[in-house]
Amino acid sequence: MKNILIAFVCILLAQTAAAQKDSLSFDENDKYIYYQTVSQPGVSADTLYKRGLYFIKTAYPKGKLTALTTDKAQGVLTGKGSFLVSKKGFIATHEDGAINYTMRIEVKDSKYRYWFTDFVYIPYQRNRYNVYEPVPGISIPMERAQGKVDKTDFDEYLGRILLNSRQAGGVLKAYMLKTSALPKEEKKINKISTKEW
């Protein structure tokens, strides 16, 4: 019985440690960050770069994630994205705001890393046509949102940021594993001149 109890405690601690590894943290600039490093043995940096670029351009519709900068020599890709957060009312759910973020992917031979940071909350309000739209001129960095947003909403937004980051990271990992994710190169057809022979 004592061995079973010790084994159960060890399993519980291992799961807690694994859960803490995959969470939001603060970077050196005191900004929220979701950071992951993935190794892919035997894959060149050039191939990983092409797969990452293909992910940023095709994985999500325009507006959800768009490429900002690409630097093939350094192996760096940067994209800007956003997602909506909702608020549950008494009867219905409505958009409460949007959270914008920056995604960065860096590649090397046999490994890559990515992170999400610069989370900014943009509140929504109902306009005269009863449609929710962004409040003009208000954007709140998540690091300073705790005093400006209700505590339960703030905790919900952090949970949604973590969930969205995990999902986008999972999609990125799937794109980085696929050899078919690279766009097929078109075969060049030679032109023949019939005037000269």
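The values are calculated or read from the model by the stated rules, or taken from the named source; none is laboratory data. Because the structure is predicted, anything quoted here is derived from the model rather than measured. Neighbour counts are summed over all protein chains in view; Cβ atoms, including those assigned to glycine, are modelled from backbone coordinates with ideal geometry. SASA here: full protein model, heavy atoms, side chains in, ligands and nucleic acids out. Shrake-Rupley method; radii C 1.70, N 1.55, O 1.52, S 1.80 Å.
So which residues in the stretch 106-141 are among the charged types (D, E, K, R), open to solvent by 80 Å² or more (accessible area, probe 1.4 Å) and without any contact (Cβ under 8 Å) to a residue 60 or more places away in the chain? Result: 126, 128.
For (1) closer than 28 Å to residue 159 by Cα; (2) open to solvent by less than 40 Å² (accessible area, probe 1.4 Å); (3) in contact (Cβ under 8 Å) with a residue 40 or more places away in the chain; (4) under 12 Å from the mean Cα position of the chain (by Cα), each residue gets a yes or a no:
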| position | (1), (2), (3), (4) |
| --- | --- |
| 32 | yes, yes, yes, no |
| 41 | no, no, yes, no |
| 49 | no, yes, yes, no |
| 78 | yes, yes, no, yes |
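Note on the stretch 142-159: residues that are open to solvent by 50 Å² or more (accessible area, probe 1.4 Å) and either without any contact (Cβ under 8 Å) to a residue 40 or more places away in the chain or closer than 16 Å to residue 103 by Cα (or both) amount to 8.
Restricting attention to the stretch 170-197 and to residues that are surrounded by 15 or more Cβ atoms within 10 Å (Cβ to Cβ) and more than 14 Å from residue 36 (Cα to Cα), the residue that is modelled with the highest pLDDT turns out to be 175.
Selection of the stretch 92-105 for residues being more than 13 Å from the chain's Cα centre (by Cα) and open to solvent by 40 Å² or more (accessible area, probe 1.4 Å) yields 92, 93, 94, 95.
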